[in-house]
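Asks: Before we start, here is the structure in question, set down as structure tokens.
Computed from the coordinates by the stated procedures, all read-outs in this text should not be read as laboratory data. A quick note: this is a predicted structure, and the numbers were derived from the prediction, not measured. When we count neighbours, we look across all protein chains shown, and the Cβ atoms used for this are built from the backbone with ideal geometry, even at glycine.
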Amino acid sequence: MSKQDLTGCVLYSDAARGIYIPQHFARTVNMLSLYGYTVEDFNAIYEGPDHPDYWSAWDDILRCVYLFDSDTKQTYRLHHDDDLWLMPVDHEFFAQVA
């Protein structure tokens, strides 16, 4: 996330996981904190990069999923730019791409 203000953002997974970032996300996230996804998309990324729908499912999840942190009461969206970030929904990045 070069040249972006990272205030309020949370690094979920660094780029070292490479093509396995979506799978890592699926296997480690608390599903009860997510909304906006389909079971089919989630299962595809859970299975890993050999699944034929892995990348299209990941695109759908990046575009549609929200994550609610019940501890901080913050709602996040996902942003994948080599690293995987949780970004507050009111972050300036989303205003720029809207």
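Asks: Assess whether A57 counts as being in a helix (DSSP H, G or I), more than 13 Å from the chain's Cα centre (by Cα) and buried (at least 16 other Cβ atoms within 10 Å of the Cβ).
Replies: In short, no.
Asks: Shifting gears a bit: Enumerate the pairs (first residue in segment 75-87 and in a strand (DSSP E or B); second residue anywhere and small (G, A, S)) with beta-carbon separation below 6 Å, excluding pairs fewer than 6 apart on the same chain, so at least 6 apart or on different chains.
Replies: Listed pairs, sorted by first residue: D83/A15; L84/S13.
Asks: While we're on this one: Pull out all pairs, ordered by first then second residue, where Cβ-Cβ is under 7 Å, the residues are six or more apart or on different chains, the first lies in segment 38-57 and is farther than 16 Å from H80 by Cα, and the second is part of a loop (DSSP other than H, G, I, E, B).
Replies: A44/H51; A44/D53
Asks: Have a look at I21, I45 and point out the one that is touching a strand residue (DSSP E or B) at 6+ places or on another chain (Cβ under 9 Å), part of a helix (DSSP H, G or I) and among the aliphatic types (A, V, I, L, M).
Replies: On inspection, the qualifying residue turns out to be I21.
Asks: Would you say H51 is surrounded by 15 or more Cβ atoms within 10 Å (Cβ to Cβ), in a loop (DSSP other than H, G, I, E, B) and in contact with a helix residue (DSSP H, G or I) (Cβ under 8 Å, 6 or more places away or on another chain)?
Replies: Taking the combined requirement at face value, the residue satisfies it.
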